[in-house]
Amino acid sequence: MALFDLSLEELHEYRSESAEPEDFDAFWSKTLQEAREHDLDARFEPVDTGLATVRVFDVTFAGYGGHPIKGWLTLPAATAEPVPLVVEFVGYGGGRGLPHEHLLWASTGRAHFIMDTRGQGSAWGGGGGTADPVGAGPAFPGFMTRGIDAPDDYYYRRVFTDAVRAVEAARSHPLTDATRTVALGASQGGGITIAVGGLVPDLVAVAPDVPFLCDFPRAATLTDRHPYREIGLFLKTHRGRTQDALRTLSYFDGVHFASRGSAPALFSVALEDQTCPPSTVFAAFNAWAHDDRTIEVYDFNDHEGGGPYHEAAKMRWLRSYA
């Protein structure tokens, strides 16, 4: 697919028309306050992986509703003092996988925590093991319309809350330096990263790659590729409910979290990306509140984005922050 969205010049000027709810901050303050009423109960169990250069811990902590959420914490084997912390969130359908799938960041001398996404982990990679015990109303298969009738019930309320608690859990380990915490992820993981960047005020950097979950009004009408297409297929059946659905989604739109971003940010975007169209990525990037923001543009790539080239770019970029 050749270029299908706005020109690069137009992308740099693009602003989303997603309407921010008046009670956006109150909604998230209440959500996180309720989550913190549950003991974080972060547990780190050593795992014998056969890997000689790292130490791995099987992590369980209390996320939204006190529900148990899994993760892996990987540390350089020789670490004796607290080291900078990278918290990573994964793409749609994936889970935390197996420890040997995630060696990059520990190989740079940092601690690495990867969160299992509740209810997912069955579409690719090494899988996941975290259930989502919360039910919801009728939904299109997938996750995008689960609980879409109301913000309180929407699936990503639980996921974004889990993500904030994941940062807190990872920071509670004695060998992670909480003052040098970075959040990053690609696709859905990038969207979760943006949410965390708007909800956690003291990160030192964030790096969302080809982020999903941004500029819902445009995304749902611009691309017919999944997962955004789940929204349109739900509304194709449930006629007349578009505005109600968009209102719910507005509480989870990366554009609104981006306007609260308080850390330096490195975004990436691919101009042939039909899964997360470039304009939706630029909608969040252009709204990012911190002055120190950069976006890497991959002209002829689809949703794979910069791949290993962008991993190298992130490693170079992070040297200045953590």
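Over all Cα pairs of the stretch 145-283, how is the pair count split among 5 Å bins, expressed in % and running from 0 up to the last occupied bin? Going out from 0 Å in 5 Å bins, the stretch 145-283 shows 2, 11, 20, 22, 18, 13, 8, 4, 2, 1, 0 percent. Close amide H partners of Asp177, meaning residues 5 or more places away or on another chain with modelled amide H under 5 Å apart, are Val83, Leu85. Any chance you could run the full-extension gain for Arg316 through Ser172? It's 0.36 nm times the residue separation minus the Cα-Cα distance, nm to one decimal. Here the answer is 49.2 nm.
Kindly provide the helix-only [θ] at 222 nm of the chain, computed as the sum of -39,500 (n - 2.57) over DSSP H runs of four or more divided by all residues, to the nearest 500 deg cm²/dmol? Please report the intermediate quantities before stating the final value.
Numbers: 11 runs with 103 residues, N = 322.
So the calculated ellipticity at 222 nm is -9000 deg cm²/dmol.
The lysines whose alpha-carbon is closer than 28 Å to the alpha-carbon of Lys314, local same-chain residues fewer than 8 away aside, are Lys70.
Across the options Ile231, Ala52, Val196, the greatest Cα extent toward the positive end of the charge dipole of the chain (unit charges at beta carbon of Lys, Arg, Asp, Glu) belongs to Ala52. The simple spin-label model puts a point 7 Å past each Cα toward its Cβ; for Glu22 and Val47 those points are separated by 4.7 nm. Using bins of 20 Å that start at zero, the share of Cα-Cα pairs per bin across the chain amounts to 35, 59, 6, in whole %. Between Glu9 and Leu40, how many nm apart are label points set 7 Å from Cα along the C-beta direction? For the pair Glu9/Leu40, the computed spacing is 4.9 nm.
Quick one: with all protein chains in place, what share of the accessible area of the chain is carbon or sulfur, to the nearest percent (1.4 Å probe)?
Details: 6520 of 12910 Å².
So the carbon and sulfur contribution to the accessible surface is 51 percent.
Per residue, the accessible area of the stretch 220-322 comes to 42 Å² when a 1.4 Å probe rolls over the protein heavy atoms. Distance from the alpha carbon centroid of the stretch 217-284 to that of the stretch 1-32 works out to 7 angstrom.
Measuring nothing but alpha carbons in the stretch 227-322 and taking Rh as the Kirkwood radius, the Rg to Rh ratio lands at 1.06. When the chain is treated as a Gaussian network with alpha carbon springs shorter than 10 Å, the biggest mean-square fluctuation among Asp149, Asp292, Asp116 belongs to Asp292.
Computed with a 1.4 Å probe over protein heavy atoms only, the accessible surface of the stretch 1-141 comes to 50 Å² per residue. Could you work out the relative contact order of the chain, using alpha carbon pairs under 8 angstrom and six or more residues apart, expressed as a whole percent? Contact order relative to length: 18 percent.
Charge dipole of the stretch 172-322 (Cα centre as origin; +1 on each Lys and Arg Cβ, -1 on each Asp and Glu Cβ, all else neutral): 420 debye, rounded to the nearest 20. What whole number of Å gives the distance from the Cα centroid of the stretch 86-134 to the Cα centroid of the stretch 136-201? Between the Cα centre of the stretch 136-201 and that of the stretch 86-134, the gap is 13 Å.
Output the Kirkwood hydrodynamic radius of the stretch 1-155, Cα pairs only, in Å rounded to one decimal. Display every interim value, and only then the final one.
Details: mean 1/r = 0.0543 Å⁻¹.
For the stretch 1-155, inverting the mean 1/r across all distinct Cα pairs yields 18.4 Å.
Taking Cα atoms only, the orientation of helix 155-171 departs from the longest principal axis of the chain by about 20 degrees.
The values are calculated or read from the model by the stated rules, or taken from the named source; none is laboratory data. Not measured: the values here are computed from a predicted model. With ideal geometry, Cβ positions are generated from the backbone for all residues, glycine too; neighbour counts draw on all protein chains shown. For the accessible areas, the whole protein counts, side chains as well, though only heavy atoms, and no ligand, DNA or RNA atoms are used. Shrake-Rupley method; radii C 1.70, N 1.55, O 1.52, S 1.80 Å.
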